[in-house]
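J.: This structure is in C-alpha cells; I'll ask about it shortly.
The values are calculated or read from the model by the stated rules, or taken from the named source; none is laboratory data. In this text, all values refer to a predicted model and were calculated from it rather than measured experimentally. Note that each Cβ is placed from the backbone with ideal geometry, even for glycine, and that neighbours are counted across all protein chains shown. Surface accessibility is based on the protein's heavy atoms, side chains included, excluding ligands, DNA and RNA. Shrake-Rupley method; radii C 1.70, N 1.55, O 1.52, S 1.80 Å.
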Amino acid sequence: MNLSVKAITESVAAIVAICTFLWGIWVYRSQKKRDHELEVAKDRLSRFEKFQEFQKRYREEDALIKVRQWIYSEQLSSTGLPKPSDYELQQFMGFFEEIAIMINSELMNDDLAAYTIGIDAARFYDTVTTYHGDPYFRLFNSFALRMQKRFRTLAETEISALRF
C-alpha cells in the first residue's frame, strides 16, 4: 500500500510538472505574439506619423503650394499665374522622389500615394515636360507615370482598404 501511494504521488507530481511546463510555454508564446502585435502597431503608427509630416509639408511649404497652384491654375480660375522657378519645380519633384523612396522601401504603398497626392505628381508630369529626358529626375518621372497609371485603375474597394 505504501508503494502505491508513492506511485500515485509521483504520477500526480509528474502530471503537475508537465501541465506547469505546458502552461509556461503557452504563456511565453502568448506574450511573444502580443509583443509582435504591439511592434506591428507601433510600426504602422510611426509610418502614419511620417505620412502626416509629408502631408503637412505638402500643405505648408511655399514652393510646393506655388507649383500646385500653377499646375491647377485653370481649374482654380486663376490663369495667368507666373511659372514657378526651376528651383521651385525641382523642390516639387524632390518631394515626390522622397515619396517614391518611401514606396520602394515599403514604408508606404502605391495605392495610398496614388490616392492621396500621387495624382499631383502625374499632373505635374503632364504639365512640365522639360525634365522628361533628364536622367537626374528619372525617379520622379517613373513615379509620376506609375501614379498616373495606378490612379486610373484604383477601384473604390481598394480605396476603402487603404492602410499602413
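J.: Residue check, A122 against (1) modelled with pLDDT of 90 or more; (2) open to solvent by 60 Å² or more (accessible area, probe 1.4 Å), all met but one. Which one?
T.: Every listed condition holds for A122 apart from (2).
J.: Looking at (1) open to solvent by less than 50 Å² (accessible area, probe 1.4 Å); (2) outside any helix (DSSP H, G or I), which is the one condition that is false for T130?
T.: Checking T130 against (1) open to solvent by less than 50 Å² (accessible area, probe 1.4 Å); (2) outside any helix (DSSP H, G or I), the one that fails is (1).
J.: Another one. Residues E39, E97: which one is under 18 Å from the mean Cα position of the chain (by Cα), part of a helix (DSSP H, G or I) and over 27 Å from L139 (Cβ atoms)? Outline the logic, then answer.
T.: Values: E97 fails: over 27 Å from L139 (Cβ atoms).
Selected residue: E39, the only one of E39, E97 that is under 18 Å from the mean Cα position of the chain (by Cα), part of a helix (DSSP H, G or I) and over 27 Å from L139 (Cβ atoms).
J.: With respect to M108, determine if the residue is of a type outside the set (K, R), within 18 Å of the chain's Cα centre (by Cα) and assigned to a helix (DSSP H, G or I). If you could, list the steps in order and put the result at the bottom.
T.: Details: of a type outside the set (K, R): yes; within 18 Å of the chain's Cα centre (by Cα): yes; assigned to a helix (DSSP H, G or I): no.
When the stated conditions are applied, M108 does not pass them.
J.: Residues to consider are K33, K56; find the one that is in a helix (DSSP H, G or I), within 30 Å of G118 (Cβ to Cβ) and modelled with pLDDT of 90 or more.
T.: Numbers: K33 fails: within 30 Å of G118 (Cβ to Cβ).
When all the criteria are applied, what remains is K56.
J.: Has the stretch 48-65 got any residue that is open to solvent by less than 60 Å² (accessible area, probe 1.4 Å), in contact (Cβ under 8 Å) with a residue 12 or more places away in the chain, in contact with an Asp or Glu (Cβ under 7 Å, 6 or more places away or on another chain) and closer than 30 Å to L89 by Cα?
T.: Yes, some residue in the stretch 48-65 is open to solvent by less than 60 Å² (accessible area, probe 1.4 Å), in contact (Cβ under 8 Å) with a residue 12 or more places away in the chain, in contact with an Asp or Glu (Cβ under 7 Å, 6 or more places away or on another chain) and closer than 30 Å to L89 by Cα.
J.: Tell me which of these E74 doesn't satisfy, since it passes every other one: (1) open to solvent by 80 Å² or more (accessible area, probe 1.4 Å); (2) part of a loop (DSSP other than H, G, I, E, B); (3) touching a residue at least 12 places away in the same chain (Cβ under 8 Å); (4) not polar (S, T, N, Q).
T.: The single condition E74 does not satisfy is (3).
J.: For the structure I just gave you, tell me whether L38 is of a type in the set (A, V, I, L, M), more than 30 Å from A113 (Cβ to Cβ) and open to solvent by 70 Å² or more (accessible area, probe 1.4 Å). Spell out how you get there, then give the answer.
T.: Details: of a type in the set (A, V, I, L, M): yes; more than 30 Å from A113 (Cβ to Cβ): no; open to solvent by 70 Å² or more (accessible area, probe 1.4 Å): yes.
Answer is no for this residue.
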